[in-house]
1. Within the chain, what whole-number % of the accessible surface is contributed by carbon and sulfur, with the 1.4 Å probe and all protein chains included in the calculation?
2. Angle check, please: helix 91-104 long axis (alpha carbons) against the longest principal axis of the chain (alpha carbons), in degrees 0 to 90, nearest 10.
3. Answer with a single label: of (i) 1.25; (ii) 1.36; (iii) 0.96, which was calculated as Cα Rg over 2.2 N^0.38 Å from the structure in view?
4. Of the cross-linked pairs K29/K110; K144/K165; K4/K144; K110/K165; K29/K144; K11/K143, which ones have a Cα-Cα span greater than 26 Å in the structure shown?
5. Find the accessible area per residue for the range 1-101; the probe is 1.4 Å, ligands and nucleic acids are left out, and the unit is Å².
6. In what sequence, highest mean first, do 248-261, 134-147 appear when ranked by Cβ atoms within 10 angstrom?
7. Gap in Å between the Cα centre of the range 49-92 and the Cα centre of the range 179-203?
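The values are calculated or read from the model by the stated rules, or taken from the named source; none is laboratory data. These figures come from a predicted structure and were not determined experimentally. Reconstructed Cβ throughout: ideal geometry from the backbone, glycine too, with neighbour counts over all protein chains shown. In case anyone asks, the SASA skips ligands and DNA or RNA and just uses the protein heavy atoms, side chains included. Shrake-Rupley method; radii C 1.70, N 1.55, O 1.52, S 1.80 Å.
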Amino acid sequence: MDIKARFFEMKRQARPIAVLTGYDFPTAKAEAEAGVDLILVGDSVGTNLLGYASEQEVQLADIAHHVRAVRRGAPSTPILADLPYRTYETPEMAAASARTLRDAGADIVKLEGAHPEIAAAIIDAGIPVCGHLGLEPQTHLDKKLRGRSAAEANQLVRDAIALDKAGIALLVLELIPEVVAARVTQAISAPTIGIGAGRYTDGQVLVITDLLGLTGASFRHNRRYAELGPVIATAMTSYVRDVRDHAFPTEANTFAMPEEALLAFENGGG
């Protein structure tokens, strides 16, 4: 079963699709072992790992680099990779960018906005596409709820239908009212993946650093399943203190030479 058919079948069976972002080998390995259905190498890597000011700074080479790391950590888990800002301006550019990410190990590529003609060009190149509507982080610098007015909500539905007709494999819906996400989910064949889109999408995605409590910000759409930030800070502080107090390393952390080799070493032999 190909990747698109797999997720369409999950939608048909009403089996929720669990998606998490992942950017590195150990995280991807843990996510695969946890049984996630899809790992998203998102352009959120820029603001969460690389120290960029916004998603617009993320380059195609950045995403490809992290896709390769995630593939090594999760060799059998499907990978969805973001096409970065301004890497899919034309059908030709989009297909070339998508090939770069596919060659790095991605199974599906994601683009933001209502661009069915761009999606179709990538699909024609043999690469499955995930759409992304609602809040579009690459271009919407004000991170607020979308689709609040009737006109905006109806446009979202029309845009989703257009992308669906182009043949997308998945559709991410970000920060939109629950009722709008439910309408979109019913209106299209492709499975929907929500983030801040309520309970009635076909799957959910969260940013791994938000889920683990590695960021200071707390978002309404997120659930912090752990608070690793303070745990990591405490561990690092303890390490620095132990080094400065000569409490680390101890004898238990050292390695000895065999007696004969030690004797020869001390006598200058060898």
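1. On the way: 7750 of 14110 Å².
Heavy-atom surface of the chain belonging to carbon and sulfur, 1.4 Å probe: 55 percent.
2. 30
3. Evaluating Cα Rg over 2.2 N^0.38 Å on these atoms matches (i).
4. Correct reply: K144/K165; K4/K144; K29/K144; K11/K143.
5. Numbers: 4650 Å² over 101 residues.
That works out to 46 Å² per residue.
6. Packing order, densest peptide first, comes out as 134-147, 248-261.
7. 24
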